[in-house]
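One structure is given here, and the rest of the page talks about it.
Any read-out appearing in this document is the output of simple, stated calculations on the displayed coordinates, not a laboratory observation. Values in this document were obtained by computation on a predicted structure and should not be read as measured data. Note that each Cβ is placed from the backbone with ideal geometry, even for glycine, and that neighbours are counted across all protein chains shown.
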Amino acid sequence: FADGYLKKPIVTVDVEKFRLYYIRGEIGRPGGYRYVEGLSIEKAIALAGGFTERASETDITLRRADKTLGRRDVNLELIIAPGDVITVGSSFF
């Protein structure tokens, strides 16, 4: 707008839809949550109510649009992206 058409334009932007990440499995409140820049898997799990009593803290998968990361590739400090699906598996004991 400022390229000669308007002088000192003021622009307001309204966000119509927040970007979400999804979390399911053995956590307190599975579902979709608003994405925040720099969010780790650990923080995402905490926001979703934490691990249940049956949760396995080592059986976590992360599915992205371009690939799926399994148990060996995922750690709690991994930064997530919008649209990611985090699945927390259950332990045997």
* State the Kirkwood hydrodynamic radius of the stretch 40-93 in Å, one decimal place, computed from all pairs of distinct Cα atoms. => 11.4 Å
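What number, in percent, do you get for the relative contact order of the chain if the mean sequence gap of Cα pairs under 8 Å and at least 6 apart is divided by its residue count?
Values: 155 pairs, mean separation 30.9, N = 93.
Relative contact order of the chain: 33 percent.
By the scheme Lys and Arg +1, Asp and Glu -1, what is the net charge of all other residues having a beta-carbon under 12 Å from that of LEU39? Walk me through the numbers on the way to the answer.
Values: positive: ARG19, ARG34, LYS43; negative: GLU37, GLU42, GLU77, ASP84.
That sum, taken over residues with Cβ under 12 Å, equals -1.
Given the convex hull of the Cα atoms of the chain, what is a quarter of its surface area in nm²? Don't skip to the answer; put the middle values down first.
Details: hull surface 33.2 nm².
Spelled out: convex hull of the Cα atoms, projected over all directions, averaged, 8.3 nm².
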